[in-house]
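Where a number appears in this text, it was derived from the coordinates with a stated rule and is not lab data. No experiment lies behind these values; they were computed from the predicted model shown. Methodologically, a virtual Cβ is constructed for each residue, glycine included, from the backbone with ideal geometry; neighbour enumeration extends over all protein chains shown.
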Amino acid sequence: MHPAYSVIFFTCASGAGYGLLIWLALLGAAGQVEPERWLGAVGFGLAFGLITLGLLSSTFHLGHPERAWRAFSQWRSSWLSREGVMAVITYAPAGLAAIGWVAFETSGGLWGLAALLAAACALLTVYCTGMIYASLRTIPQWHNPLVTPLYLVLGLMTGALLANALLHAFGRPLAGLSWLTIGLLVIGLALKTAYWRTMSRTGKTYSAGDATGLGRYGKVRPLDPPHTQPNYVQREMGFHVARKHAQKLRKLAVLLGFLAPLICTALAFSPIPGLGVTATIAAVVFAGAGMALERWLFFAQAQHLVTLYYGAETA
Amino acid sequence: MTSLPQGTGKKLGLVIDLDTCVGCQACATSCKEWNTGGYSAPLTDQDPYGPDPHGAWLNRIHAYEAGEGAAGRTVHFPRSCLHCEEPDCVTVCPTGASYKRAEDGIVLVNPETCIGCKLCSWACPYGAREYDEADGVMKKCTLCVDRIYNQNLSAEDRVPACVRACPTGARHFGDIGDPASGVSKLVAERGGYGLLPEFGYKPVNRYLPPRPKSPGQALSSAGQAAEAAPLAPSPTADLFFRWADRVLSR
């Protein structure tokens with residue numbers, strides 16, 4: 001599948017934004033973090049910024065962005081529509097929680113209830129994002145039970161990295177959050193590794209003979225393509241990264257997305273002044289690059305069934 | 001509404017005879033010509049006279065080789081929307097622009113409400129939906145919905161443009177849901193099949209497989225060599241042709 005940069009940015013940014021929103025809301029509601037005005041303003045501001053920028057960037061690849069509002073109508077059948085609806089709904093309780101935190105410096109009572117609701121809505125939104133991909137039977141690498149959990153865990157993981165850096169920057173590090181972040185990094189890495197392992201395991205694959213129904217005569221090979229130049233279907237669905245490069249890029253994604261942030265987060269426990277802030281911010285930067293690479297591979301290594309009609313031997 | 005109708009009155013579709021299709025592209029060009037002025041017009045091309053001409057086509061004709069040696073065959077393979085009974089391309093649509101008609105089962109895109117998110121093209125295993133770069137919306141086979149019911153056309157023209165254009169009669173149009181229809185009888189008689197049935201999209205269009213080769217044609221590799229031998233030039237004839245070549249080349 002062709003990796004569209006707007007979609008890569010959207011899924012990474014909004015995933016991290018929803019993750020940050022969830023942790024801020026939960027830590028505030030649980031009384032683990034004092035709802036201080038400036039922390040709230042920067043934290044919720046960052047979360048809303050990432051979510052909104054992500055949502056906006058997802059409209060860049062539309063042919064008619066001015067009609068995007070129509071996408072809220074088909075929640076009965078479409079995961080993409082459900083994602084849009086949930087994204088908008090989430091703004092309401094999240095906005096209330098932010099108002100409580102910033103305007104009244106409180107995260108208890110009804111404000112806390114709004115925060116819990118915001119966390120639940122954010123989680124559902126990311127779940128819908130994952131299901132958009134996981135529900136596509138035409139792309140075996142996406143139609144995989146690990147895809148949606150991965151979107152959820154990677155969102156929570158990058159959100160925790162952001163929250164951890166934020167609390168360090170405000171001089172209020174929380175050991176529990178650091179451990180949570182480390183735990184999520186380990187779970188994220190384990191899930192991603194398991195996903196890559198199931199991907200390379202040969203399940204049922206289809207051939208050009210299956211796709212055309214001509215397999216009864218023997219091996220099916222393309223003789224003449226329908227047109228001289230690649231068409232939309234080939235440009236959109238035919239993108240496939242070379243296996244050799246994919247292996248190298250996977251290693252780089254593991255290093256940047258999981259191992260480097262893990263080391264940085266652990267380093268932040270050190271009492272050396274200033275190291276906590278620097279290390280947790282570095283963890284965010286590494287993870288950002290790693291997630292972009294991971295998401296790029298998620299697209300580039302996905303092979304659509306339609307490629308069988310255009311010369312792919314198996315899919 | 002992108003939720004699917006509870007069954008459709010008719011199941012209009014195409015039956016394509018892979019035995020008689022000669023890959024002449026008449027159906028593809030006729031389709032392009034009709035539909036660039038029809039329901040989902042325009043059907044644009046990019047860089048049409050440059051080095052990288054490409055654009056939206058609703059019908060594409062592949063050619064495949066299947067099998068080896070004398071038993072192998074060349075098959076021309078037209079591919080367009082199969083108007084599935086359970087099309088994922090419709091249910092994934094977030095706007096309701098994609099829909100399946102309850103009355104005849106035709107799958108359409110409303111070009112006024114499509115946002116061009118391309119998700120439907122990801123959901124279709126058959127590559128039937130193409131994005132029109134200039135128009136910013138998805139294009140697909142309409143089964144010539146603007147021809148088949150068109151009272152302004154003479155009766156013989158009320159079929160999809162591809163069917164009307166086919167010079168070998170390889171394309172047939174009708175109600176595949178009605179067992180008494182001509183197309184259904186053809187499918188029953190010739191063992192017509194749908195594509196990738198195991199995925200459960202229940203495509204309506206059917207392909208008629210190439211007929212078995214007649215005994216004289218179906219030669220084993222050895223048989224072919226034996227039969228071909230008398231046709232090979234004899235050494236004498238070979239000497240003659242070489243002499244003639246030399247003479248004529250002077």
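A few notes on this one:
- The mean sequence separation of alpha-carbon pairs under 8 Å and at least six residues apart, normalised by the residue count of chain A, gives a relative contact order of 24 percent.
- In this simple spin-label approximation, residue A:104 and residue A:204 carry label points 7 Å from Cα along the Cα→Cβ vector, and these lie 5.6 nm apart.
- Candidates B:197, B:111, B:78: whichever shows maximal mean-square fluctuation once chain B is modelled as a Gaussian network with Cα springs under 10 Å: B:197
- Per residue of the protein assembly as shown, the DSSP helices (runs of n ≥ 4 H) give a summed -39500 (n - 2.57) that works out to -15500 deg cm²/dmol at 222 nm.
- For chain A, the membrane-span-like helix rule (DSSP H, alpha carbon extent of at least 15 Å along the helix axis, mean Kyte-Doolittle at least 1.0) picks out A:5-29, A:37-60, A:79-104, A:109-134, A:147-169, A:175-200, A:275-300; this says nothing about an actual membrane.
- Whole-percent P(r), the stretch B:3-44, all Cα pairs, 10 Å bins from 0: 21, 30, 37, 12.
- Three-way shape label, the protein assembly as shown, alpha-carbon gyration tensor, a/c 1.5: prolate
- Listed residue pairs exceeding 30 Å between alpha carbons, taken from A:204/B:202; A:251/B:140; A:204/B:185; B:100/B:213; B:139/B:213; A:244/B:139: A:251/B:140; A:204/B:185; B:100/B:213; B:139/B:213; A:244/B:139
- Peptide B:91-104 has a mean of 5 when you count, residue by residue, the C-beta atoms of other protein chains within 10 Å of its C-beta.
- Gaussian network model of chain B, springs between alpha carbon atoms under 10 Å - residue of B:203, B:167, B:48 with greatest fluctuation: B:48
- Environment charge at residue B:3 (Cβ cut-off 12 Å; Lys +1, Arg +1, Asp -1, Glu -1): +1
- Contact order, relative form, for the stretch B:12-208: 29 percent (alpha carbon pairs under 8 Å, 6 or more residues apart, mean separation divided by residue count).
- Cβ-based exposure ranking for A:38, A:101, A:296, in which fewest neighbours within 10 Å come first: A:38, A:296, A:101
- Number of partner chain Cβ atoms within 10 Å, mean per residue of B:22-30: 1
- For the stretch A:43-58 and the stretch A:86-120, distance of Cα centres in Å: 16
- For the peptides A:174-181, B:91-98, the ranking by mean Cβ contacts within 10 Å, running from highest to lowest, is B:91-98, A:174-181.
- Rounded, prolate or oblate (a/c below 1.5 giving rounded, otherwise prolate when a/b exceeds b/c) for chain A by Cα gyration tensor: prolate
- Cβ-defined net charge surrounding residue A:154, 13 Å radius [Lys, Arg +1; Asp, Glu -1]: +1
- Rel. contact order, % - alpha carbon contacts under 8 angstrom, at least six apart, the stretch A:198-315: 40
- Shape call, the stretch B:12-208: gyration tensor on alpha carbons, a/c limit 1.5: rounded
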